[in-house]
Amino acid sequence: MLKLIVAGLASHQFPVLPVITGAAVVPKIHLGDPWAQALGCVHDAGTVDASMRADDARNCASCRFYTQPDFVRGRCHLSPGKAVSKIGWSKEWVEQA
């Protein structure tokens, strides 16, 4: 019976987990959200036209608005209640002080 359960779990595709901080679960940002579209958010800064980013170091992890840099995803102060990718980017990127 255990082999059947393990085999079933192995063949199942699980969704990407949201950021969990203490008791709070923060859902991943959807690029279709109106605010995400207004900010020009992307999950991977490497996909942004080079003319829009001055250098490769400009991503969410190096932005002033990003918190929890130890996770693959963290929170963006411009997107309350949503998790963003550490390697993501938006037009509102601001260098950390």
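Just so you know, all these numbers are worked out from the coordinates, no wet-lab data involved. All values reported here derive from a predicted model rather than from experimental measurement. Note: ideal-geometry Cβ built from the backbone for every residue, glycine included; neighbour counts use all protein chains shown.
One chain, two ends: residue 44 and residue 77. Fully extended at 0.36 nm per residue, the span grows by 10.0 nm beyond their Cα-Cα distance. Amide H contacts of residue 88: 45, 60, 61, each under 5 Å away and 5 or more positions distant or on a separate chain (H built 1.01 Å from N in the peptide plane; Pro and chain starts excluded).
Annotation for residue 51 and residue 35: the two label points, set 7 Å from Cα along the Cα-Cβ direction, are 3.0 nm apart.
When every Cα-Cα distance of segment 22-97 is counted in 10 angstrom steps from zero, the calculated P(r) takes the values 21, 57, 21, 2, 0 percent.
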